[in-house]
Structures are given as structure tokens and as C-alpha cells.
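All of the numbers you see were taken from the coordinates with simple rules; none came from a lab. Computed from a predicted structure; not experimentally measured. Backbone-built Cβ (ideal geometry, glycine too); neighbour counts: all protein chains shown.
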């Protein structure tokens, strides 16, 4: 399962029919102007690329490899109020 903080390798469509490989940590799903994209914080030996966030449009995805899956956070629910409400 793809969860935030999972380490991933993403292959996406690039120029001249070549794939762009992005290796890093999945940070979440981003919506820009109605298009959705994966946000990947890059890992790289190149200092210029290290730590950058790459947005990969869903329509450009070729493959997503989950290298290390992070545990999903449990849904947090608010405790019910102890004071009586308007409806019983």
C-alpha cells in the first residue's frame, strides 16, 4: 500500500520516449488545476537534487515500486463531548 513516508521508485514518461526515474520518499498526493500528482521528496547523490520535491502527474506514471512501506497512520477521531447536546 502506498502511504506517506514510504520509500519509492517512480518511473514516469519523459522527453523523447525516455522514462524519468525518481527515487525518494512519497509525501502525498497534490492537486494542481484539476490534475493530480504524486509528491516525491528526492534522494540523490547529486546535492542539487537532494531534498527537492518532484511532482509527478498521475497521467505520466509508468510504474511505482514501493521499496519500503511506511505504516499507515490510524485515523484520529475526536472524543465525544461529555456535555449534553441539543439532541438526545
Requested in this report: Starting from the Cα gyration tensor of region 14-68, multiply each eigenvalue by 5, take the square root, and state the resulting semi-axes largest first in whole Å.
Outcome: 18, 15, 12
Requested in this report: In nm, give the distance between the simple-model label positions of residue 27 and residue 5, each being 7 Å from the Cα along the Cα-to-Cβ direction.
Outcome: 1.6
Query - Label point 7 Å beyond Cα of residue 55 along Cβ direction - residues of region 8-24 with amide nitrogen under 18 Å - result: 12-14, 22
